[in-house]
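In what follows, a single structure is set out as structure tokens and then discussed.
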Amino acid sequence: MAKHSKRYAAAFSKVDRMHFYAPEQAVELVKESASAKFDETVEVHLRMGVDPRYSDQQVRGVVTLPNGTGRTVRILVFAGPEGQTFAREAGADFVGADDLADQIVKGWTDFDVVLATPDMMRVVGKLGKVLGPRGLMPSPKTGTIVPAEDLPRVIRESRLGRVEFRVDKTSNIHVPIGKVSFPKEKLLQNFASLMEAIVAAKPTTIKGIYIHRVTLTSTMGPGVKTDVSAASSLKADNIAA
């Protein structure tokens, strides 16, 4: 059995593992239980009632968190000459085409978001084995394949807190919603925005329970089980900052 530090044990003791907390309480507990010397990321983990082996049971989308994620986002853009101009003016970190693809093939992955214009899919398509497993492959479903003129908007949203969510092959979804240093209300707003997007993304083929479990945690902290019904009913507009 893995041994945990006294700091972790003290944090763990604050959480009743058998209790399902209201969202507000869960956020407070996550903040109280974070004990690392760095600003931990607050994460939401969901156990979904879907079978990702079937194409009609995929849960995937994007949401712009109103208070951002608190982390620096490095944005890479594949585009032609016009798109490259838009991307550079909007502040993208890396802009190019075949030159960037060659670097990625050689193992370079020092970026967090990948955007591409439709004409660049001939270049990006060959990078699936590298970008796919990292969740970075541009896709129309996540709004990361966009016309050149839309690049400034998507780059701006990515900076502000645009995050992707998708069910993995174990039927789970994992999404960061901010930092422990965020005020409780801002974390709760981000949590609400994420839950609204996930509820809206429910496949029409799902007839049973859609969300089985919702857990909040920080990078080094214990998981806090959250009442699924209350979490699913959250509305960001109803939470005062």
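Derivation of every value follows stated rules applied to the coordinates shown; laboratory data play no part. Keep in mind that this is a model prediction, so the values were computed, not measured. Note that we place each Cβ from the backbone using ideal geometry, even for glycine, and neighbour counts take in every protein chain shown.
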Near Val73, within a Cβ-to-Cβ distance under 13 Å, what is the net charge of the other residues, with Lys and Arg +1 and Asp and Glu -1? 0
For the range 75-160: Kirkwood Rh in Å [reciprocal of mean 1/r, alpha carbons]: 12.5
Put one equal scatterer on each alpha carbon of the chain, apply the Debye formula with no solvent term, and list log10 I(q)/I(0) at q = 0.10, 0.13, 0.17, 0.18 1/Å to two decimals. -0.53, -0.87, -1.25, -1.32
Near Lys126, which aspartates and glutamates are there with a Cα under 17 Å away, not counting those fewer than 8 places off in the same chain? Asp98, Asp99, Asp102
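Of all DSSP beta bridges located in the chain, what percent are antiparallel, nearest 5?
That works out to approximately 70 percent antiparallel.
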Around Val146 (Cβ within 11 Å, Cβ-to-Cβ, excluding Val146; K/R +1, D/E -1) the net charge comes to -2
Quick check: net charge around Ser233, other residues with Cβ under 15 Å of its Cβ, Lys/Arg +1 and Asp/Glu -1? -2
For a 28 Å ceiling on Cα separation, which of these pairs sit above it: Lys14/Lys37; Lys141/Lys169; Lys179/Lys207? Lys179/Lys207
Arranged by the count of other C-beta atoms within 10 angstrom, fewest first, what order do Phe182, Phe38 take? Phe38, Phe182
When the charge dipole of the range 75-160 is computed with +1 on Lys and Arg Cβ and -1 on Asp and Glu Cβ about the Cα centre, the Cα farthest towards its positive end, among Leu127, Ala90, Leu76, belongs to Leu127
Which of these, Ala148, Ala97, Ala230, has the largest mean-square fluctuation under a Gaussian network model of the chain (Cα springs below 10 Å)? Ala230
